[in-house]
Structure formats: structure tokens, C-alpha cells
Amino acid sequence: MKTYKLSSGYEMPLFGLGTWKAVQEDELYNAVREAITIGYRHFDCAKIYANEAVVGKALNDAFRANEVKREEIFVTSKLWNDSHAQGDVIPALQSTLRDLGLDYLDLYLIHWPVCFKKGTEFPTSTDDFIPPENLPISQTWQGMEKAVGQGLAKSIGVSNFSIKKLKELDKTSKIKPANNQVELHPYLQQKELSEYCNANNIALTAYSPLGSMDRPSSLKPENEPSLLEDAVIARIAQKHNATPAQVLIKWHIQRGVAVIPKSTNFNRLKENHDAQFVGLDEPDMKKIASLERNFRYLTGSFFTQPGSGYTLENIWDEV
Ligand code: A2P
């Protein structure tokens, strides 16, 4: 499997399993076990997905069954928005490690550049937010750096960060972020952000690579464009005797971007894994590049109620 050598010196497999929205416990447990058998070696988790204990049980059962060793897999998790205070980072990471049944993470990310008061999972009022100026990300990052110092995370990074925020972080960080996990697919190609990350040795990971159609309806407006039903993607898939999902996945791998499609279905787990064997050519890559429409499936608008201190402008730093 292709890997990306992170600035920390560790290798990150470019293909992994997404676990957001995998809420049914047996299904997720079986999916992780099956994924390991198929050859998945990268698992993307987060505290807020509320399923790390299930992923951890499956991983540890696979270790015990000698199907894979801890050092052969790459596990990512993410700090939730309520634990951005410098002193809250290590306890949050320890809690995630307990849930996952692991001694260390391969990669720990700041999930969002958005802060909540301690104990807030999802804000119900503007009082649940801490405005960005009251808790600078540099403080959170110091906690992240301590995690590396204590051997709890091999690499650290961020998620949903703009170029502006990466540049701000660069001013004060001792350890540079190894990774930025963002929404990335042919309808949102993030050209400038990709160029900045490439130039600064920040690996990119693409979330929602298939369009995350299983989002809760509250996060899913009607009449969204469907990547999996895109006619151009379908034609490229047909040409290679592949599926649209495989084209969408291989597009990232071929560009050196990590990709973490979520599936709990055995056939689709295998299909997605086998995307790495599809070979896209230059004309395919050009046609896919022409699909750009600056479209986000996850707009971040769930963080922007008036009075929260957060707006779409100050989250994405786009005008
Ligand atoms: P399922 O878990 O039943 O396979 P994303 O990774 O962009 O968040 O998308 C996840 C969604 O895409 C889930 O609904 C998942 O359903 C579905 N999915 C995953 N792999 C495929 C595939 N190969 N073909 C079609 N849908 C897929």
C-alpha cells in the first residue's frame, strides 16, 4: 500500500477506513475485523464519533488473533472541540486511548478550529462556545506537542484548517503539523490549500471522499450533487472496468493524498480497498480536475449560530 512520509518521519498509509457515522456496534466491529483481513492498515477515528471503544475492541481482538500487529497499523484520532484548553488535551487523548485500548496513537488531530466549553458535545446555546480569541489555537497546540513528548502520539496535526490558520500555527509551533484532514473530492479540490500543504510537507487526508451520503438528515440539504452518480466519474469508471467509488478513491491516492472512505459493508470494503489497483491516466485526471465546483458537503454551519463567535468566514477564511 502506498504511504506518505510525514514530517515526523513516520509513514502514513494513503488508504484507510473512515469510521464517522458507523453507529451500529456489531456492524462496525465486524467491518473493522473484515477490513484487517482485506488488508486495511489505517483507521481514522475521533472522540466525537462515539464509537472508539468498538473500533478498539475489534483492533485488539485482531492483535490477539495474530491477524495484525499494533505496529503494522496506523490509527488516527481527533481532539474534540471541548478540550482545547492546554491542560485538557492530554486527558482527552488518554480517554481516547482507553477507549481504543491502545498505548499510543499514530496521529492525533485537532478536529476543528472551533472551541466549546468543557463537557459540550454539541452546543445547544451560544453559551456553549468559547470564541476563538479567548482560546488561541497556539495553546491547544502546546498540549498536542506535550502528547508527542509523552509518547502518547507519534505525530500530530489538524483538521479543517485553512492556509491562514496553518500560517498562524507556524509562528508558534515547535513541532509542525504533520497532517491536515479536510473535505476533499472532485467537487472541492482545495487547490490553494493543497499547494500550501505540499510546499510545507503537511500531508493531506481527504474526508467525505464519496460525498458522505449517510450523514444525518439535519446535515444533508436536499438536491446536493452526487459524486457517486457523476456522469464523468461514471464514464471513467466504465473505461477501467471499475466503480465510481474506486475512481473517486484512486484519484486521491494517485495525487499523494490519503483517503478514508467509510463503509461497514463487506463488499464495499473490498471494493474500496481494491481501488488502489485502478490506474487513472492523464486524460482521466484532467477530466476529474474539470469537475471543480467549490462545493462542501459539510459546510460547518452547525457551528455558526449568531453570537457563537464563529462564522463561515472565520472558520474557512474564505470570502
Ligand atoms: P456503507 O457504509 O453502507 O458502505 P464517505 O466516506 O464519503 O463519508 O461516504 C460514506 C458513504 O458511502 C456511506 O453511506 C457508505 O455506505 C457509502 N459507500 C462506501 N463505499 C461505497 C461504495 N464503494 N459504493 C457506494 N457507496 C459506498
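The values are calculated or read from the model by the stated rules, or taken from the named source; none is laboratory data. Predicted, not measured: the structure shown is a model, and the values here were computed from it. A quick note on method: Cβ atoms are made from the backbone with ideal geometry, for glycine too, and the neighbour counts reach across all protein chains shown. The accessibility values were calculated without ligands, DNA or RNA, using every heavy atom of the protein model including side chains. Shrake-Rupley method; radii C 1.70, N 1.55, O 1.52, S 1.80 Å.
Choose one of Pro131, Thr243, Gly149: the residue whose Cα lies farthest towards the positive end of the charge dipole of the chain (beta-carbon charges +1 Lys, Arg; -1 Asp, Glu; about the Cα centre). The listed residue farthest towards the positive side: Gly149. As a calculated quantity, the FRET efficiency between Arg70 and Asp214 at R0 = 45 Å, using C-beta atoms, amounts to about 0.95. Counting only protein heavy atoms and a 1.4 Å probe, the chain has 44 square angstrom of accessible area per residue.
Fully extending the segment from Thr37 to Ser138 would add 32.3 nm, taking 0.36 nm per residue of separation and subtracting the current Cα-Cα distance.
Placing a label point 7 Å from the Cα of Val232 along the Cα-to-Cβ line, the residues of the stretch 274-294 whose backbone N sits under 19 Å from it are 279-294. The listed residues Glu145, Glu25, once ranked by accessible area (1.4 Å probe) with the largest placed first, stand as Glu25, Glu145.
Given Cβ point charges of +1 (Lys, Arg) and -1 (Asp, Glu) and nothing else, what value in debye, to the nearest 20, does the dipole of the chain about its Cα centre take?
It comes to approximately 600 debye.
Of Lys167/Lys250; Lys21/Lys171; Lys2/Lys287; Lys57/Lys176; Lys174/Lys262; Lys2/Lys239, which pairs sit farther than 27 Å apart, going by alpha carbon to alpha carbon?
Lys167/Lys250; Lys21/Lys171; Lys57/Lys176; Lys174/Lys262
Dividing the mean sequence gap of close Cα pairs (under 8 Å, 6+ apart) by how many residues the stretch 3-316 holds gives a relative contact order of 20 percent.
The accessible-area ordering, largest first, of the residues Thr304, Thr124, Thr76 stands as Thr124, Thr304, Thr76, per a 1.4 angstrom probe. Only protein atoms count toward the accessible area here, which uses a 1.4 Å probe; on the chain, the carbon and sulfur part of that area reaches 49 percent. Bridgeable aspartates and glutamates around Lys118 (alpha carbons under 18 Å apart, same-chain partners fewer than 8 residues away excluded): Asp82, Asp88, Asp127, Asp128, Glu133.
Computed on protein heavy atoms with a 1.4 Å probe, the accessible areas place Ser218, Ser77 in the order Ser218, Ser77, largest first.
Evaluated at q = 0.10, 0.14, 0.16 Å⁻¹, a Debye calculation over the C-alpha positions of the chain (equal weights, vacuum) places log10 I(q)/I(0) at -0.54, -1.12, -1.49.
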